[in-house]
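Colleague: I'd like to ask you about the structure that follows.
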Amino acid sequence: MKQFLLFFVLFGATCSIVAQTEENLFDWQDNATVVAKERFMGLYRGKYSNDPTHVYKSFDVSIDGKNSYVLKIKGFDKTMGGNFDAFEIYYNGKRILEYFSSDLLYDVRYITRGKSNDYFIKVPLSDDSFALLFGGWLFGSGDETTEMIIVVVSKGHANVIFDDYAYAYKYTPGENFSIEFVDDINGLQDLFSFSESFLRTRTKHKIWREGNMLKYKSWK
């Protein structure tokens, strides 16, 4: 009987470990080119309209002034009403990425637990690479989870490596960047307070920086 119970204890522990196995969020090819993984691109739609867009704001996102990177956020409306539809990244004056979100983008309050109202998060990865994170617009009363997009910029190239639903319940900024989030907030009463009972019913996800890589794991 004791052996039987021990088996189930070890089996449960093993399942928990397997569920939390970590992996790279993307791949480095030849230490320069970023390769996305399809399973992290659940909301990818690409450019879905040929309608003209209007640039709302521009930001210098260069690395220590060594390279010229500019981020522009834009949308279909002539003036910005708080949210935006797309963004562009330029390197030394040349556009290296244009990306249209699936849902409307907003500031990053919903992926930082309200700690930031900026339009993006910048995470350094190395001397010549960094990640940009964008948060989505929360529709209605909170029954539809917001979108999160992650771009990795390296050596004059920019690639989207994550585009899916994400709403943070933990967030650490800076070089020790990490974010823990759920992809379903249906039924959440307080948009910045997560009870243990609520989290227990959801799959949890974590993305964090480790050297020049963003790592990922999920668990129930």
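Colleague: Mind listing whichever residues of the stretch 166-188 are within 30 Å of Lys94 (Cα to Cα) and either assigned to a strand (DSSP E or B) or open to solvent by less than 10 Å² (accessible area, probe 1.4 Å) (or both)?
Modeller: Scanning the stretch 166-188 gives a single hit, Phe177.
Colleague: Might you let me know whether the stretch 191-201 holds any residue that is β-branched (Val, Ile, Thr), open to solvent by 20 Å² or more (accessible area, probe 1.4 Å) and either more than 15 Å from the chain's Cα centre (by Cα) or on the phi > 0 side of the Ramachandran plot (or both)?
Modeller: Yes, the stretch 191-201 contains at least one residue that is β-branched (Val, Ile, Thr), open to solvent by 20 Å² or more (accessible area, probe 1.4 Å) and either more than 15 Å from the chain's Cα centre (by Cα) or on the phi > 0 side of the Ramachandran plot (or both).
Colleague: Can Ser126 be described as open to solvent by less than 60 Å² (accessible area, probe 1.4 Å), within 14 Å of the chain's Cα centre (by Cα) and closer than 24 Å to Trp28 by Cβ?
Modeller: The answer is no for Ser126.
Colleague: If you check Lys94, Lys72, Lys78, which single one turns out to be among the basic types (Lys, Arg), crowded, with 17+ Cβ neighbours inside 10 Å and at pLDDT 95 or above?
Modeller: Details: Lys94 fails: crowded, with 17+ Cβ neighbours inside 10 Å; Lys78 fails: crowded, with 17+ Cβ neighbours inside 10 Å.
Lys72 is the lone residue from the list that is among the basic types (Lys, Arg), crowded, with 17+ Cβ neighbours inside 10 Å and at pLDDT 95 or above.
Colleague: Would you check if Asp118 is open to solvent by 40 Å² or more (accessible area, probe 1.4 Å), out of contact with any strand residue (DSSP E or B) (no Cβ under 8 Å at 6 or more places or on another chain) and over 19 Å from Gly82 (Cβ atoms)? Before the answer, list the steps.
Modeller: Values: open to solvent by 40 Å² or more (accessible area, probe 1.4 Å): yes; out of contact with any strand residue (DSSP E or B) (no Cβ under 8 Å at 6 or more places or on another chain): yes; over 19 Å from Gly82 (Cβ atoms): no.
Against the criterion (open to solvent by 40 Å² or more (accessible area, probe 1.4 Å), out of contact with any strand residue (DSSP E or B) (no Cβ under 8 Å at 6 or more places or on another chain) and over 19 Å from Gly82 (Cβ atoms)), Asp118 does not qualify.
Colleague: Going through Leu125, Leu199 one at a time, which residue ends up being over 19 Å from Asn83 (Cβ atoms) and in a helix (DSSP H, G or I)?
Modeller: Leu199 is the lone residue from the list that is over 19 Å from Asn83 (Cβ atoms) and in a helix (DSSP H, G or I).
Colleague: Kindly list, by first and then second residue, each pair from a residue in the stretch 105-120 that is more than 15 Å from Thr172 (Cα to Cα) to a residue that is open to solvent by 40 Å² or more (accessible area, probe 1.4 Å) and modelled with pLDDT under 95, limited to pairs with Cβ atoms under 8 Å and residues at least 6 apart or on different chains.
Modeller: Here the result reads Leu105/Trp137; Tyr106/Trp137, each pair linking the stretch 105-120 to a residue that is open to solvent by 40 Å² or more (accessible area, probe 1.4 Å) and modelled with pLDDT under 95.
The values are calculated or read from the model by the stated rules, or taken from the named source; none is laboratory data. This structure is a prediction, so every number in the text was calculated from the model and none was measured. Positions of Cβ are generated from backbone atoms using ideal geometry, with glycine treated the same way; all protein chains shown enter the neighbour counts. Protein only, heavy atoms only, side chains kept; ligands, DNA and RNA dropped before computing areas. Shrake-Rupley method; radii C 1.70, N 1.55, O 1.52, S 1.80 Å.
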